[in-house]
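For reference, the structure is listed below as structure tokens.
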Amino acid sequence: MRVVESLRIALRALSANKLRASLTMLGMIIGVASVIILLAIGRGTQASITERIRSAGTNVLYISPGATQQGGVRQAAGTQQTLTYEDAKLLAQPGAVPQLVGVAPQASATRQVIAGGQNVSTRVVGTTPDYQRVQNATVASGRFFDAEDLDSAAAVAVIGQTVATNLFGGSNPVGQTIEIGLTNRRVALQVIGVLQAQGGQAFGNADDVVLLPIETLFRRVAVTRTPSGRQVVNQINVSLANEQLATREAAIARITALLRASHNVAENDFTIQSQDQLLETVSQVTGTLTLFLGAVAGISLVVGGIGIMNIMIVSVTERTREIGIRKAVGATRLDILLQFLVEALTVSAIGGGIGVVLGVVVARFAGGLPGLGPGSGSASALVTPDSIVLALGVSLAVGLFFGIYPAFTASRLRPIEALRYE
């Protein structure tokens, strides 16, 4: 019954000072809402990125340049140009790696792309027809370039949805001409296809891209060569016949042996990463980011708790005579302590409840905004029950922690001194 009576007294005290109680709750409302909103954005980002990576299939391996030894010092991964078009051709040879069903090297550069009076700066990527299979890409209109286009270095291009919108607006780009601006000339290409919208993926935005046959890129646009004269590629992506672990391990072992022999090295100067490894890395990074966002939002809860403590100290001072009267008629120190602790918890609970409602509403609203909703280029806001429980639990814990000192101070007041207080 003590708790029920203390709750009744707390509600009566709060209703007697509505403005002060509301201002006290404001810190908890903002704190709880901030925690829920930022955790929702963080988890929505994590879920969105994970889904986009999974959409490419879990049977993809990413081969990227690794580190080499120079003067006894091992360089950072990805800083050396160790992958070549010849490596991709080697892997694509029939029977070279039996587990592979597609090999898509990518050589890319950022260039100005012009069409009519519009121009954009975007990634120009040279690849092979296997890009469709490996990257799970679909052509929305027109067609993808084929082996004949590749062998003849045809002046054709397939563009992403973002490039199509920026250059052509609402008109159909298929059959139109785009130009790639180089230092002293322009290269004209015919658009033969437009990709289905894919959004951000593991390696950049798949919609903001111009795809060419890799031979076209090397012969007409740009080529980087190794000291031995081989054509450099930025990465080689390959797709496996199935998603079984044994298939993946066998493919990695065979690819490693072939590339080591091709590069004449004893240690890998390249990195092979599977989709699962990429997902694990992304999950770790985004998970850390989500915790960081939650911790930042948690600071506002601490500020709200300090506000509760300040107001409770003022309340103890104002109600000193009330405390003296209650002690004079038999209230124990525990009764007084419980009264003010329940009052602090009541403020936290009401403020936390309002904050939960506000946070969920704002997070859902943010998830429906252009650029934040599902399927867009950004992330949706994902509200989970555990984030609500966490925010509300922390708010109650903060209220309890910062309410202890004022409650303890009130319980230690001597009845005679409290009754004489003016």
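What follows is calculated from the coordinates using simple rules that are stated; it is not laboratory data. All figures in this text were calculated on a predicted structure; none of them were measured in a lab. Because the Cβ atoms are built from the backbone with ideal geometry, glycine has one as well, and the counts that use them run over all protein chains shown.
Rounded to the nearest whole Hz, the Karplus-based 3J(HN,Hα) values (6.51 cos²θ - 1.76 cosθ + 1.60, θ = phi - 60°) of the range 126-141 follow the sequence x, 8, 10, x, 5, 3, 4, 5, 5, 8, 6, 8, 10, 8, 6, 8, with x at glycine and proline.
May I ask you to compute the full-extension gain from N264 to R414, defined as 0.36 nm times their residue separation minus their alpha-carbon distance, rounded to one decimal in nm?
Details: separation 150, 0.36 × 150 = 54.00 nm, distance 8.76 nm.
Length gained, N264 through R414: 45.2 nm.
If you take the alpha carbon radius of gyration of the range 81-268 and divide it by 2.2 N^0.38 Å, what ratio comes out, to two decimals? Before the final figure, lay out each step's value.
Values: Rg = 17.1 Å, N = 188, 2.2 N^0.38 = 16.1 Å.
Its radius of gyration relative to the 2.2 N^0.38 Å reference: 1.06.
As a rough guide to protection, the peptides 155-163, 340-348 ranked by mean Cβ packing within 10 Å, highest first, stand as 340-348, 155-163.
Spatially, the range 119-173 and the range 261-280 are offset by 28 Å when compared through their Cα centroids.
Using 0.36 nm per residue, how much length does the chain from R230 to A16 gain when fully extended, once their Cα-Cα distance is taken away?
Working: separation 214, 0.36 × 214 = 77.04 nm, distance 8.25 nm.
Net length gain for the segment: 68.8 nm.
Please work out, to two decimal places, the log10 of the ratio I(q)/I(0) at q = 0.20, 0.21, 0.23 Å⁻¹ from a Debye calculation in which every Cα of the range 224-328 carries one identical scatterer. Here the Debye-derived log intensity ratios amount to -1.11, -1.16, -1.23.
Using 10 Å bins from zero, what percent of all Cα-Cα pairs in the range 110-156 falls into each bin? Calculated P(r), rounded to whole percents: 21, 43, 34, 2. Placing dummy labels 7 Å off each Cα toward the beta-carbon, the span from D146 to S283 is 4.2 nm.
Round to the nearest 0.05 the FRET efficiency obtained for R185 and Q93 when R0 = 30 Å and r is the Cβ-Cβ distance. Once rounded, the FRET efficiency stands at 0.25.
Extension gain, R219-S121: 0.36 nm per intervening residue step, less the Cα-Cα distance, totals 33.2 nm. Estimated from the Cβ-Cβ distance and a Förster radius of 45 angstrom, the FRET efficiency linking T317 and T50 is about 0.25.
Could you give the C-alpha radius of gyration of the chain expressed as a fraction of 2.2 N^0.38 Å, taking N as the number of residues it contains?
Working: Rg = 32.1 Å, N = 422, 2.2 N^0.38 = 21.9 Å.
In units of the globular-protein estimate, the chain measures up at 1.47.
The distance between label points at F365 and A250 comes to 5.7 nm (points 7 Å beyond Cα on the Cα→Cβ vector). Between D386 and S171, the simple label model (points 7 Å from Cα in the Cβ direction) yields a spacing of 5.3 nm. Size of the range 286-337: Rg and Dmax of its alpha carbons, in Å, are 18.8, 58.
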